[in-house]
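Here the structure is laid out as structure tokens; the discussion comes afterwards.
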Amino acid sequence: MRITALTGTVAIVTGASSGIGEATARRLAEHGATVAVVARRKDRLDELVAAIEADGGTALAVEADITDRAQAQAAVATVVQSFGRLDILVNNAGLMLLGPVLGADIDEWDRMIAINQQGLLHMTHAALPHLLAAAKDDLRGVADIVNVSSIAGRQAWPSFGVYAMTKFGVLGFTEALRQEVTKQQVRVGVLEPGAVVTELVSHNSQEVRDGLDATDDIPVRLQPDDIADSIAYMVTRPSHSSIAELWAMPTSQA
């Protein structure tokens, strides 16, 4: 049997039905983890599980809307009941709806806050006791939370106001939690990608997409696999080494 850095571990990846989440699930499975993929689009999750299993990995599709606290709790419980442990949580699910504050659709603000912040909080709260337990055993002597933020969690631009607010908040929460649990061998890190080729922009209006295209000066964007590699790097460090923050940018992005 091939033994890799994450053999025997169990990971949850949210927002796993496309983009960064899908790529991350595949990469963690390649490193030996059993991967639970969480999202609302069950058909895509089933396809991903089949692909991971075809490559010799183990995966579980968990359909859930993590903005609903009960569904988030049930998703974590399902994974722990299925595999007996939880070692890694990747909070990747996110939504970016852009536009000026004046005249904004408040429902869009609520949707972003719900997925980018409340969903992350629900999953973290439910997962943390299991991660603390895994960190105490002899498998790795460590457990991991990786929160996917954004360059918009470091820098704000017009029309990015509420999205930036949610992502700046992820940075603050991540660092506070890191200080709370790092001495109990639970590593908590944040990853801030720059421009990545995903579905993130597609949820915006045509007007917003046209405006972004008009100002786009990034000839080569990152691919989801690039971010998956970064997440895998964070969770495969030796137990004495913790990556608290990783900023992953296209070389051409200023």
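Details
- Tilt relative to the chain, helix 224-235 - C-alpha long axis, 0 to 90 degrees, to 10: 40 degrees
- Selection from LEU131, SER202, LEU45, by position along the positive dipole direction of the range 10-248 (Cβ): LEU131
- Helix 42-54 axis, angle to the chain major axis (alpha carbon atoms, nearest 10°): 50 degrees
- Of the residues HIS240, ILE227, VAL190, the one whose Cα sits farthest toward the positive end of the charge dipole of the range 98-254, with +1 on the Cβ of Lys and Arg and -1 on the Cβ of Asp and Glu, is HIS240.
- For a straight C-alpha distance cut-off of 28 angstrom, the lysines reachable from LYS167 (same-chain residues fewer than eight places away being disregarded) are LYS42, LYS183.
- When the charge dipole of the chain is built from unit charges on Cβ atoms (+1 for Lys and Arg, -1 for Asp and Glu) and taken about the Cα centre, the candidate among ALA23, GLY84, ILE12 whose Cα reaches farthest toward its positive end is GLY84.
- Reference-scaled alpha-carbon Rg (2.2 N^0.38 Å with N residues) for the range 150-200: 1.33
- Once backbone amide H atoms are built at 1.01 Å from N, THR9 has THR34 as its partners under 5 Å, excluding neighbours fewer than 5 places away on the same chain.
- Taking the Cα centre of the chain as origin and assigning +1 to Lys and Arg Cβ atoms and -1 to Asp and Glu Cβ atoms, the resulting dipole is close to 880 debye.
- Principal axis dimensions, largest first and in whole angstrom, of the range 53-93 by Cα: 33, 22, 16
- Cβ crowding within 10 Å averaged over residues, with 172-185, 76-89 ranked highest first: 76-89, 172-185
- Kirkwood hydrodynamic radius over Cα pairs of the range 107-151, then Stokes diffusion coefficient at 20 °C and 1.002 mPa s, in µm²/s: 175 µm²/s
- Folded to 0 to 90 degrees: helix 120-135 orientation relative to the chain principal axis, Cα: 20 degrees
- Normalised by 2.2 N^0.38 Å, where N is the number of residues, the C-alpha radius of gyration of the range 134-254 stands at 1.22.
- Dipole in debye (nearest 20) - the range 111-254, about Cα centre, beta carbon charges: Lys, Arg +1; Asp, Glu -1: 540 debye
- Rg/Rh ratio calculated on Cα atoms of the chain (Kirkwood radius): 0.96
- Helix-only CD estimate at 222 nm, as mean residue ellipticity for the chain, using -39500 (n - 2.57) per DSSP H run (n ≥ 4): -13500 deg cm²/dmol
- Using Cβ point charges alone (K and R +1, D and E -1), the dipole size of the range 1-107 about the Cα centre works out to roughly 300 debye.
Rule-based calculations on the coordinates, nothing more; no lab input. Bear in mind the structure is a predicted one, so any value in this text is a computation, not a measurement. Cβ sites come from the backbone with ideal geometry, for glycine too, and all protein chains shown count toward neighbours.
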